[in-house]
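Visitor: A single structure is presented below for examination.
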């Protein structure tokens, strides 16, 4: 059982799945990636311009197509962004295979709450333990667990999360789950709000500041105008794009951010 997508350009699985926007994919020895998306498991592999999802059901083709954002013309977007600044052109050329995934919003919210003051390896470990302890098991040849729902987590107390070892973030996770479960925060409504209003809405959640809100908007709600600023990005903007702001990159600022982040991280000598 598998799904095959042909003639796929501008997609590199390692660049896309291992860049810090998602934490549920593991690279296998052959270069493929095993992951869980919306309660479905698959092993993703690229061979030239062919994307194969082994273990995926044909009935879920539209979901996987949306997840990998295959209908957006990243080639045209790279040209548009590259025209804005010479360094932007270099960054886009350096990481041409990064795409912004269409992730499940609540999963992204909790994942980026966990990401605070954390590295990618530790974030992934906490997310795995959260799913193993509180997510529904998924059948198949590889044991896996779905991401727990807001309703499941909303009835827990911070101490109940001790097995995931997320420290001070336990109470933030519970607060987020409660606000989503009771409708205080409607993530789909947030998706459609003007950007500043959407950010403010997410910041009602304990522990969600500007950086986490921007990550949730970009990676969980596919707001491609989002531009999360961490230490690397602030340094990159100051050194490489003097006089420019996130708004300078327009409607695809979030894609620009990914190119700049990857380029900066791989070229520390620039700083």
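Visitor: Which pairs do you get when a residue that is more than 16 Å from residue 223 (Cα to Cα), found in the stretch 179-208, comes within reach of a residue that is loosely packed, with under 14 Cβ neighbours inside 10 Å, reach meaning Cβ atoms under 6 angstrom, with the pair 6+ apart or on two chains?
Guide: 181/151
Visitor: Shifting gears a bit: Can you pull out the residues in the stretch 1-24 that are buried (at least 20 other Cβ atoms within 10 Å of the Cβ) and farther than 21 Å from residue 94 by Cα?
Guide: Those that are buried (at least 20 other Cβ atoms within 10 Å of the Cβ) and farther than 21 Å from residue 94 by Cα: 3, 23, 24.
Visitor: Give me a count of the residues in the stretch 162-209 that are exposed (fewer than 14 other Cβ atoms within 10 Å of the Cβ), touching a helix residue (DSSP H, G or I) at 6+ places or on another chain (Cβ under 7 Å) and part of a helix (DSSP H, G or I).
Guide: 1
Visitor: Separate question: For residues in the stretch 230-271 being under 18 Å from residue 84 (Cβ atoms) and not in a helix (DSSP H, G or I), which is nearest to the chain's Cα centre (by Cα)?
Guide: Of everything passing the filter in the stretch 230-271, 245 is nearest to the chain's Cα centre (by Cα).
Visitor: Still on this structure: If you take the residues in the stretch 102-131 that are loosely packed, with under 15 Cβ neighbours inside 10 Å and either in contact with a strand residue (DSSP E or B) (Cβ under 7 Å, 6 or more places away or on another chain) or under 27 Å from residue 198 (Cβ atoms) (or both), which one is modelled with the highest pLDDT?
Guide: Across the stretch 102-131, the extreme among qualifying residues is 120.
Visitor: Now for a separate question. Quick check: anything in the stretch 75-87 outside any helix (DSSP H, G or I) and under 30 Å from residue 188 (Cβ atoms)?
Guide: Looking for residues that are outside any helix (DSSP H, G or I) and under 30 Å from residue 188 (Cβ atoms), one finds none in the stretch 75-87, hence no.
Visitor: Looking at 66, 71, can you tell me which residue is without any contact (Cβ under 8 Å) to a residue 40 or more places away in the chain, surrounded by fewer than 21 Cβ atoms within 10 Å (Cβ to Cβ) and not in a helix (DSSP H, G or I)?
Guide: Answer to the selection: 71.
Visitor: Regarding the stretch 154-161, can at least one residue be identified that is closer than 24 Å to residue 223 by Cα and surrounded by 20 or more Cβ atoms within 10 Å (Cβ to Cβ)?
Guide: There is no residue in the stretch 154-161 that is closer than 24 Å to residue 223 by Cα and surrounded by 20 or more Cβ atoms within 10 Å (Cβ to Cβ).
The values are calculated or read from the model by the stated rules, or taken from the named source; none is laboratory data. Quick caveat: nothing in here was measured; it's all calculated off a predicted structure. Cβ sites come from the backbone with ideal geometry, for glycine too, and all protein chains shown count toward neighbours.
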